[in-house]
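Written below as structure tokens is the structure these notes are about.
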Amino acid sequence: MPRILADLAGLGVSRATITRLTVLTLLFAVSEGVGLGMLVPIAAYASGMGRDASATGIMKDLEALLSGFLGTSDADLILAGLLLMAAVPFGLRVWLFYRREIHLAALKEEISRAVRRRLITALMQADLGFLGNRSQGELQALVTVEADRAVEAVAGKVAFLTASALSITYSVLLVAVSPQLALYAAPVFALTGLLLRHHGRKADRTSRRLSEQNTALGEQLSDGIFGIERIKLRAREAEAIAELTGVTDRIARNMKQGDRLRALIQVRTEPLLVMSVFVIVYLAIAKVGMGFAALGIFLLVITRLVPQTLAMSQQWAQMRVYNGSLERLRTFLGDAGAHREAACGDRRFKDLHAAIRLDAVGFRYSSRDTRGAALAGLSLAIPARRTTAVVGRSGAGKTTLIRLLTGCYRPTEGGIFFDDVPLQDIDRTTLRRRIGVVAQKPFFFGTSLRENLTFGIDPSPSDGRIHEALRLCHCEDFVAGLPDGLETDVGSHGARFSEGQRQRLAIAHALLIDPTLLIMDEPTAALDSESERAIQTTLAALSGRITVIVIAHRLSTIQHADTILVMDQGRLLAQGTHTALLRDSSLYRTLFDQNSS
């Protein structure tokens with residue numbers, strides 16, 4: 001029970017909900033026990049009405065109480081009073097059963113919400129380095145299929161807890177009615193427990209395989225959906241179908257095995273329990289010499305105990321079959337919690353006045369990463385209200401540098417300063433709201449163009465500002481041709497637009513932020529020459545007003561930058577203007593010649 005309650009609390013289920021569940025379960029078990037327990041002295045009284053049976057133990061006190069209350073010693077009236085007293089806990093049991101069932105249904109919904117809330121919160125609070133090591137399919141499987149199975153595992157534990165409480169109550173009653181017969185019945189229930197343990201190990205293995213295959217299916221579905229164009233262009237549809245159906249077939253086989261295990265547990269426990277009832281009846285009559293009244297009560301308790309034991313076995317099987325998903329979810333939540341974005345300071349960021357300074361900054365993605373440091377001993381300054389370009393071969397550390405500047409990564413060595421204020425002392429939210437980032441492959445939500453352009457901007461910009469940003473980025477012509485203008489749905493990931501159009505729209509969004517720092521990751525890679533010249537004009541207009549950082553492979557984009565930083569293998573090799581670097585940096589000349597050719 002403590003482990004089950006800990007599971008519920010660990011998933012974010014409120015303490016009040018757990019308390020209500022515990023109280024309802026205990027009250028239900030107690031009312032059942034009291035109601036059945038009263039039948040024992042009542043049966044004894046009824047079998048010896050008017051004789052000494054009523055003059056011993058608790059019945060003496062009950063008879064005296066009822067005689068005083070009723071003002072008579074009539075045996076029939078006293079028996080009626082005793083039965084009425086026994087009916088009260090049974091009536092309470094019915095009401096508690098109703099409340100418990102409603103509460104269990106509500107609890108299952110709360111568990112479902114709590115599981116997904118914990119998962120989504122963990123995803124949003126985890127750092128990008130942690131999330132980058134996990135596939136989109138794995139994360140989708142966690143939030144959907146694995147979350148559903150984890151909910152079933154916890155719900156199964158709750159049902160197992162309830163069935164266990166009732167089984168314990170009935171077992172105590174069996175001992176009260178006949179300790180000797182209860183002793184005869186004990187090996188049967190011990191054998192049932194061994195069966196559950198044996199099948200539980202098999203269910204654990206099946207559960208782990210199911211969880212792994214659900215993740216594999218999520219990953220392959222994600223690859224199949226987002227890579228469908230590539231699959232078609234290589235005429236690999238048949239192979240993709242075979243791979244996906246192969247995973248689903250394996251999942252189906254394991255689900256079938258789980259269902260077979262649940263059925264097998266019931267098939268093996270039910271006959272065992274039923275046969276044990278007949279054996280106990282024989283022993284009660286032939287060996288113990290139990291009276292029919294006591295035997296009737298004993299059998300009544302047994303008929304209540306057997307279904308609860310079967311329910312326990314079924315819930316145990318369900319709990320173990322789904323437990324692999326719950327363990328995977330726990331592992332992910334623990335890992336995500338260990339990789340939360342580092343705490344930030346409380347200094348509000350308003351503007352950049354002097355420079356961004358990096359002092360001997362080093363960064364390694366993981367202590368187990370064999371690729372070495374992504375950045376090593378990087379020291380540089382990015383002056384405010386100037387355009388700074390960053391160039392270098394693939395893998396030079398350019399994107400890592402940008403993620404460090406936006407606080408998505410924390411340096412493993414050295415420090416980053418905004419106007420001499422350490423980055424870790426700055427409130428992350430206020431910093432990011434003043435930074436506009438244009439990614440190499442911009443992301444679009446599947447909503448309207450207006451919602452994408454104004455996402456995260458508060459207050460929302462006016463139509464005039466939106467159209468001005470679109471004009472600066474040479475977007476006004478194709479936006480004017482949209483069927484619903486700014487209200488047009490952009491499609492999945494902006495599928496309505498070409499790659500170049502998406503890039504220009506992303507720049508327009510960044511300008512609408514009115515940023516103090518604009519970061520552009522290869523902004524002109526997908527643009528034609530005319531659009532590239534327009535973006536160069538926009539960048540020139542921004543120089544002197546805001547700080548601009550441009551990562552570029554196409555060096556024609558950044559020839560007029562105030563400063564160009566040349567990086568290689570995580571280090572700064574050279575810096576200067578385009579003309580100076582052509583003269584002094586062999587790597588820059590090589591990159592420029594490659595671009596020119």
- Message: If packing is taken as the average count of other Cβ atoms within 10 Å, what order do 321-327, 571-577, 167-173 fall into, highest mean first?
- Response: 321-327, 167-173, 571-577
- Which distance in Å, rounded to a whole number, links the C-alpha centroids of the range 136-186 and the range 482-505? 53
- Note on the structure: Going residue by residue through the range 443-457, the Karplus relation 6.51 cos²θ - 1.76 cosθ + 1.60 with θ = phi - 60° gives ³J(HN,Hα) values, rounded to whole Hz and with x marking Gly or Pro, of 9, 10, 6, x, 10, 6, 4, 4, 4, 5, 5, 9, 4, x, 9
- Query: Per the Kirkwood definition applied to all pairs of different Cα atoms, how many angstroms is the hydrodynamic radius of the range 450-514?
  - Reply: 11.8
- Message: 5 Å is the cut-off here: which amide hydrogens, built 1.01 Å from N in the peptide plane, fall below it relative to Arg134, excluding neighbours closer than 5 in sequence?
- Response: none
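Quote the charge dipole size of the range 450-514 about the Cα centre in Debye, to the nearest 20; the model charges only the Cβ of Lys and Arg (+1) and of Asp and Glu (-1). Please list the in-between numbers first.
Numbers: 6 positive and 11 negative charges, 39 e Å.
For the range 450-514, the charge dipole is close to 180 debye.
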- Item | Residue-count net charge about Asp425 - beta-carbon cut-off 12 Å; Lys, Arg +1, Asp, Glu -1 | -1
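Bear in mind these aren't lab numbers, they're just calculated from the coordinates by the rules spelled out. Bear in mind that the values here come from a model prediction, so they are computed numbers and not experimental data. Cβ: placed from backbone, ideal geometry, glycine included. Neighbour counts: every protein chain shown.
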